[in-house]
Structures are given as structure tokens and as C-alpha cells.
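Asks: Attaching a single structure in C-alpha cells format; questions to follow.
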Amino acid sequence: MLEARGLGCRRDGRSLFENLSFKVEAGQLWLVRGANGSGKTSLLRILAGLSPAEQGELVWQGEREPVLWVGHRVAVSAGLTAHENLEFMAALEGDEAGASAAALEAVGLGAFSETRAGRLSEGQARRVALARLAFSTRRLWLLDEPLTSLDETSVNWFETQVHRQLDRGGAVVMATHREISDSLQGWTLQLGA
Amino acid sequence: MMGRAFAAVFRRELRLAWRRRGQLLQPLVFYALVMLLFPLGAGADLALLGQVAPSLLWVAALLAVLLAQGTLFSADLEEGGIELWVTSGVSLGWLALAKLIAHAMIVSLPLILVGPVLAGWLGLRGEALWVLAVSMALGMPVLCWIGALGAALTLGLPRGGILLALIVLPLYIPVLMFGAGAVHAAVDGRPADGALLLLAGLLFLGVSLAPIATAAALRVSQE
């Protein structure tokens, strides 16, 4: 699906990673691991096209397609309700309109759909952004620490979504510190080693 | 899909603006206060007022617009909205166009509506009021878009406000000259068409270039 060839990244004159090559294929889960500041976010941002690759290149198999990006900042607007936020994301990413109510229900936020996101807790706001995993049709998901401040139930729900994505031939690249369940087997990219 | 994304951004901007409408009143209150206080300070010399009113109306409107710029993209940056725009796969310039049109409407419309009323208070009459309204309708959006470009360029910088003013004010000058010039001409009984046409030209230049430039600045802010 997406191949990285010799990626390298420098920050403030210090090399974070160099000559990193890997190939993300359909149905694969990649876990990006490493200590704080080892370049996990930088790598994911390069893959998402947010930052340019300073060294190396990204090669898409076939046409370059948009990815689903959930960053550290989850793009949930404090002034909009949970439901409005999700509908906005669906409209921008070209997903079916009207799927957000069910998705919010699925992440346990059904009762909060008309609540302004500014009043939600951090974990709840992240669940709003992650709720679109339930209906997104994008083939590659790039998730930066998606499990931060999520409760047990939400982590389980998240793992189900990753399973579903892999089963239908999608791929997931995520950075995380947390252990994920054994049922999710993935490739590991260890940074800063 | 592009139409839907455009409409979504446009609706979102209007909705957010309506929810913090108190904040939107600030430029309007500033504008009205300057206009109401100036004649009190300048004394009751109607001839003098008539001479300076067109420039004053435009300068104060320009500063009022500048007041509304600084935070245009800051929430989008902090919340990660710009990342969503960049990764959405929709052209960034297209999304910027939706945001800029909404922004111009939200900021300019109240000023355009209140401008002729305040002009009446300063002693402008008849055709000059119309010319003022038309010149503001053509010029205010351009000021908003230049300001938006400045806001995008200074995004995330500490004390970006001063830098914003430095970037933006030189670009404001042509708009100010043609805008105030049109009203001056109308007050003096000269035709104002020339200045208004030039303003219209700037408006088209703005709507075609501002989204592209703003999109480029937003993309850079992410690197």
C-alpha cells in the first residue's frame, strides 16, 4: 500500500531516525514504538503528508490516497457539539452523512451527542474523534497515541475497529506506549534504538 | 464531495461565529465608539467634519477589521483542525476559500450595515452614503482576506499580533485609498465610479489569490 524508503528526520540538528525503510501492506498493523521524543509523531506526520520527508521518500502503490489521521490534537472543535464535530469530519473526509449518531452510540457518547465538545473530558473528546473509525472508508489509518486517556471499554471498542479494518484489507499504523491485546498481532517499528 | 466539504466549512464557521457572537460585537462597538466620540472631540464644526468624515469612516473600519483577525486560525491550530484539513484530501485552497468567504461575511456585514448610519451622524448625506456602503461592501472583504493571510502567516508565533499588523497594514493602504477616495469624491460631487471599479478589481484579485496564499501559509504552519 505504502512504502517508506530511507526516511530520515532531524530536529534541532539532532537526528531522530535515519534510513528507515518499511512497507505497509493491506491487512497489516504497524506499531511505532519508542521513548518520548524518539520521533514517533514526526514519522507519522511524514506518512500523513503533514510534514515533508527531509530524507528518503514515500512511494504509494497505485495512486496516492488520502489517509485517516488522528493526531495528538484530535481536531474536535470546542464550540461544536460532539455530533456536529463528527458530521463535519465525515463531510470533509467524504464519508456517508448521518452515520455519526450510531458511531457516537458505539463509543458510549450517545447521551453527549448534543453536548459542546468544550465540556467533554479529554478522553471523551478523543472518543469523538475516534468514533469515525466506525464508518471511515479510508484504507490507511495513521493514529498517534490513540489510546491516551481512554478507558478500558473504549480501548476494547478501538481494538475491535482495528480488527475490522485489517479484516477488510485496510492497514493501520499507530504509535502507542500501551500494551495492546494479544489478539492484535502487528509489526513493530522501534525508534531510537 | 468538494461541494459538501465547502458547505460544511462554511456552515461550521457561521455556527461558531453565532455561538461566540459577543466576541464579534467588539469590532462593531469599537467602530461605533470612534465615530460617536470623534465629533464630540472635534467640536461642532460641520464643514470640518464633512471634510474628514470619509477618511475617518474608512480608517476606523479598517482598524475594526484588523481587531477581528488575530485569532482567526488559532483555535484551528490548537485543536488540530488544520491537520484535519490537510489530511482530508480536499484541496486546501478550496477549504480556505469557504472559510474566507464566511469570515468576510461575518466581519464585514455588520460594519457595512452600521457604516452609513454613523456616516449620517457625521453629516454625510445623499449619494455619499450610498457610495460609502458600496465602497465598504467591495473593500471590507478584501481587508478581511488580507488579514486572514496575515493571521495564517503568523500562526503559532509568540506576539504574532504586532507582526500581523506590520505585514497587513501596507497591504491595506490601496484599499483604504480607493475606499476613502470614492467617498471623498461623492462628498465633493465628483464621480466615484473609478475608485469603486478599482475596489471591485481588488475584490476579484483578493478572492482569487487569498485562498491560495492562505492555504500555502497554513500548510507551512504544519511543517
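Asks: Of B:A64, B:L122, B:A215, whose Cα points farthest to the positive end of the dipole of the range B:2-221 (charges on the beta-carbon: +1 Lys, Arg; -1 Asp, Glu; origin at the Cα centre)?
Replies: Looking along the dipole axis, the top candidate is B:A215.
Asks: Can you check what the net charge comes to around A:A134, using other residues whose Cβ is under 15 Å from the Cβ of A:A134 (Lys, Arg +1; Asp, Glu -1)? Spell out each step's value before the answer.
Replies: Details: positive: A:R126, A:R127, A:R132, A:R138, A:R164, A:R168; negative: A:E87, A:E93, A:D95, A:E96, A:E105, A:E159, A:D167.
Its environment carries a net charge of -1.
Asks: Residue by residue through A:44-54, how many Cβ atoms from other chains fall within 10 Å of the Cβ on average?
Replies: 2
Asks: Would you mind checking the tilt of helix B:46-67 against the longest principal axis of the Cα atoms of chain B, expressed as 0 to 90 degrees and rounded to 10?
Replies: 10 degrees
Asks: Further, regarding this structure: Would you kindly state how much longer the chain becomes between B:W130 and B:R20 on full extension, computed as 0.36 nm times their sequence separation minus their alpha carbon distance, in nm to one decimal?
Replies: So the chain would gain 36.5 nm between B:W130 and B:R20.
Asks: Pick from B:V134, B:V187, B:V117: which is most flexible by mean-square fluctuation in a GNM of chain B where alpha carbon atoms under 10 Å apart are linked?
Replies: Taking springs between Cα atoms under 10 Å, the residue moving most is B:V117.
Asks: Now for a different question. By DSSP, what percent of the beta bridges with both residues in the protein assembly as shown are antiparallel, rounded to the nearest 5?
Replies: The antiparallel proportion sits near 45 percent.
Asks: Would you mind checking the tilt of helix B:127-153 against the longest principal axis of the Cα atoms of chain B, expressed as 0 to 90 degrees and rounded to 10?
Replies: It is inclined by approximately 30 degrees.
Asks: Which shape class, rounded, prolate or oblate, goes with the range B:2-221 when its Cα gyration tensor gives a ≥ b ≥ c as root eigenvalues, a/c under 1.5 marks rounded, and past that a/b bigger than b/c marks prolate?
Replies: The shape class here is prolate.
Asks: In terms of modelled amide H atoms, which long-range or inter-chain residues lie less than 5 Å from the amide H of A:L191?
Replies: Under 5 Å from the amide H of A:L191 lie the amide H atoms of A:R33, A:G34, each far enough along the sequence or on another chain.
Asks: Could you give the dipole magnitude of the range B:2-221 about its Cα centre, charging the beta-carbon of Lys and Arg +1 and that of Asp and Glu -1, in debye to the nearest 20?
Replies: 500 debye
Asks: Which shape class, rounded, prolate or oblate, goes with the protein assembly as shown when its Cα gyration tensor gives a ≥ b ≥ c as root eigenvalues, a/c under 1.5 marks rounded, and past that a/b bigger than b/c marks prolate?
Replies: Prolate shape, in that a/c is at least 1.5 and a/b is the bigger ratio.
Asks: So, one more: P(r) of chain A in 10 Å steps, Cα pairs, percent per bin?
Replies: Answer for chain A: a P(r) of 9, 36, 35, 18, 2 percent.
Asks: Towards the positive end of the charge dipole of the protein assembly as shown, with charges on Cβ (+1 Lys, Arg; -1 Asp, Glu), say which of A:F158, B:A195, A:G192 has the farthest Cα.
Replies: Working it through, the farthest residue towards the positive pole turns out to be B:A195.
Asks: Suppose every K and R has +1 on its Cβ and every D and E has -1 on its Cβ; what is the size of the dipole of the protein assembly as shown about the Cα centre, in Debye to the nearest 20?
Replies: 400 debye
Asks: Rounding to the nearest 10 and keeping the result within 0 to 90°, find how far the Cα-based axis of helix B:160-187 lies from the longest principal axis of chain B.
Replies: That helix lies at roughly 40 degrees to the long axis.
Asks: Restricting to DSSP H runs of at least four residues, report the calculated mean residue ellipticity at 222 nm for the protein assembly as shown, -39500 (n - 2.57) per run over all residues, nearest 500 deg cm²/dmol.
Replies: Result for the protein assembly as shown: -19500 deg cm²/dmol, rounded to the nearest 500.
Asks: For a test of the definition: using alpha carbon positions, the gyration tensor, and the 1.5 limit on a/c, classify the range B:109-223 as rounded, prolate or oblate.
Replies: Prolate.
Asks: Over what distance in Å are the Cα centres of the range A:15-93 and the range B:4-21 separated?
Replies: 26 Å
Every read-out reported here was derived from the displayed coordinates using simple, explicitly stated rules and does not represent laboratory data. Every value quoted in this text rests on a predicted model; they were computed, and no experiment measured them. Virtual Cβ from ideal backbone geometry, glycine too; neighbours counted across all protein chains shown.
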